[in-house]
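To keep things clear, I will list the structure first and then write my remarks on it.
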């Protein structure tokens, strides 16, 4: 193994990327873990906001619908970087005001919670649109039939709407998940130690820019490709029992 | 266009009054006294944002056409690299790409004396060429994927008709294939251009002075947090609105696709 690396002239890079302290590989992996944690949290929060947002847009009153339209339009027109800064300051300000009002000291907000809150609100706007489209694609007769049987609204959602819309929503949600993983890189700018910031610190202290940035790129790419596999699998599962569009054997 | 009548239903009038009250409150109770001092710098930053957006979108699109073509009809030795390029660009964060080019290439170039003595060196020492390169490649990567679908979406009969008239291949591409492919994806291109606009503030992290960098400077100079950010969000929304209107105008100009 070492001979092969030396033959390729990569021995130095391998040493820099080693997992134990003289190398920086451990830091990169820790950064990746932080990134994934935030991406998972933000994606989950986005799904919850998106589900309620989609229901509000489809079945809500005129005021709620207008408010949700403003939410999705504004979030999708302003750069994520600017939103992250605004939401970050607003969030920390609100929490500190609440804490001082209740007689506590100022609290330090953990980077992970702040990142999930900020990216979750951004993801929610996109998820609202994806899920709204997916719910609209469900044949209305199915939902009407559930209502005609007197199913409560929540049970209709759980048993009819969500399973039926899954196959329409998966491609859009897969895209959203990829956006979530890549948007975590933006948290580097507010100083949160996720993969991109760890990479930059490692690179600037060893001056081996290409080694570290390429390694981080490979890690992101691995996550992307692996997620593609998983989502392909989920989509096949969500489509089970549906006739294939390509024709051929049912 | 939403009709004017639908704008004047009662709840919307109430919402507009509330919004106007909010704007008045913002104008009166927040601090705006820093604007005159920073206006010239902000104009410069706005100009930087706009030209970076326009230049990288045009260059990126020019690069996306061969990328899409290679993936749609190219032989495997062209299609495979094109697909690899698109996968890599779409699979890694743009911030990482910008930093790789700026810090990586930026630390590599000074090691070669012939680069240092070349005519290009004064430009290569600045940050904007790296920003333009990174954003161009990113736009090309996303658009290459869009154009692949666009090229294979043009009806076969159109191309066969052109061929049977004995049209040369370049003329066929220029007059039949490309216009129809672009027409079919105009709405997608508009969306992607707005995404590109939203990617431009990242160049501020490598010291390019765009409108975002100006707002950060105001924030760090005066310790005013919200006002510059709110104004910045408003500026980006205005640019996004202009892009949307521009593409809508262009979509109305070209004959619509088959229904």
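The values are calculated or read from the model by the stated rules, or taken from the named source; none is laboratory data. Everything numeric here is computed off the predicted structure, so don't read it as measured data. Glycine gets a Cβ as well: all are built from the backbone with ideal geometry, and neighbour counts include every protein chain shown.
Screening the candidates A:156, A:128, A:170, A:181 for the property of being within 14 Å of another protein chain (Cβ to nearest Cβ) and either surrounded by 17 or more Cβ atoms within 10 Å (Cβ to Cβ) or not in a helix (DSSP H, G or I) (or both) yields one hit, A:181.
The residues of the range B:145-171 that are in contact with a helix residue (DSSP H, G or I) (Cβ under 6 Å, 6 or more places away or on another chain) and over 30 Å from residue B:90 (Cβ atoms) amount to a single one, B:162. Summed over the range A:196-221, residues that are under 17 Å from the mean Cα position of the chain (by Cα) and closer than 12 Å to residue A:28 by Cβ total 3. For the range B:221-243, the candidate set comprises residues that are in contact (Cβ under 8 Å) with a residue 60 or more places away in the chain, assigned to a helix (DSSP H, G or I) and over 14 Å from residue B:41 (Cβ atoms); within that set, the residue that is farthest from the other protein chains (Cβ to nearest Cβ) is B:227.
Of the residues in the range B:69-77, none is within 10 Å of another protein chain (Cβ to nearest Cβ) and either in a helix (DSSP H, G or I) or over 25 Å from the mean Cα position of the chain (by Cα) (or both). Specify which of the listed residues (B:46, B:96) is within 26 Å of residue A:213 (Cα to Cα) and in contact with a helix residue (DSSP H, G or I) (Cβ under 7 Å, 6 or more places away or on another chain). Among B:46, B:96, only B:96 is within 26 Å of residue A:213 (Cα to Cα) and in contact with a helix residue (DSSP H, G or I) (Cβ under 7 Å, 6 or more places away or on another chain). The residues on offer are B:32, B:25, and the sole one that is outside any helix (DSSP H, G or I) and more than 21 Å from the chain's Cα centre (by Cα) is B:32. Confirm whether residue A:39 is within 29 Å of residue B:96 (Cα to Cα), at pLDDT 90 or above and within 13 Å of chain B (Cβ to nearest Cβ). Spelling it out, residue A:39 is indeed within 29 Å of residue B:96 (Cα to Cα), at pLDDT 90 or above and within 13 Å of chain B (Cβ to nearest Cβ). Might you let me know whether the range A:100-108 holds any residue that is more than 10 Å from chain B (Cβ to nearest Cβ) and surrounded by 13 or more Cβ atoms within 10 Å (Cβ to Cβ)? Among the residues of the range A:100-108, not one is more than 10 Å from chain B (Cβ to nearest Cβ) and surrounded by 13 or more Cβ atoms within 10 Å (Cβ to Cβ), which makes the answer no. Being modelled with pLDDT under 85, within 14 Å of chain B (Cβ to nearest Cβ) and within 28 Å of residue A:182 (Cβ to Cβ), is that true of even one residue in the range A:69-86? No: the range A:69-86 contains no residue that is modelled with pLDDT under 85, within 14 Å of chain B (Cβ to nearest Cβ) and within 28 Å of residue A:182 (Cβ to Cβ).
Counted as qualifying within the range B:86-201 are the helices (runs of 4 or more DSSP H) with 3 or more residues that are surrounded by 14 or more Cβ atoms within 10 Å (Cβ to Cβ) and either in contact (Cβ under 8 Å) with a residue 40 or more places away in the chain or within 14 Å of chain A (Cβ to nearest Cβ) (or both), namely B:94-99, B:128-153, B:178-184, B:186-199.
The single condition among (1) touching a helix residue (DSSP H, G or I) at 6+ places or on another chain (Cβ under 7 Å); (2) over 14 Å from residue B:91 (Cα atoms) that residue A:205 does not meet is (1). Within the range B:244-256, is even one residue within 11 Å of chain A (Cβ to nearest Cβ) and either within 15 Å of the chain's Cα centre (by Cα) or at positive phi (or both)? Yes.
Taken as a whole, the condition of being touching a residue at least 12 places away in the same chain (Cβ under 8 Å) and either over 24 Å from residue A:30 (Cα atoms) or more than 14 Å from chain B (Cβ to nearest Cβ) (or both) applies to residue A:117. If you go through the range B:202-220 and pick out every residue that is facing another protein chain (nearest Cβ under 10 Å) and closer than 20 Å to residue B:138 by Cα, you end up with 4.
Yes or no: residue B:58 part of a helix (DSSP H, G or I), over 13 Å from residue B:148 (Cα atoms) and under 21 Å from the mean Cα position of the chain (by Cα)? Considered against the rule, which asks whether it is part of a helix (DSSP H, G or I), over 13 Å from residue B:148 (Cα atoms) and under 21 Å from the mean Cα position of the chain (by Cα), residue B:58 comes out as yes. Does residue A:236 qualify as being assigned to a helix (DSSP H, G or I), touching a helix residue (DSSP H, G or I) at 6+ places or on another chain (Cβ under 7 Å), exposed (fewer than 15 other Cβ atoms within 10 Å of the Cβ) and more than 14 Å from chain B (Cβ to nearest Cβ)? The answer is no for residue A:236.
In the range A:193-212, which residue that is surrounded by fewer than 24 Cβ atoms within 10 Å (Cβ to Cβ) and without any contact (Cβ under 8 Å) to a residue 24 or more places away in the chain is farthest from the other protein chains (Cβ to nearest Cβ)? Checking each candidate, the answer is A:205.
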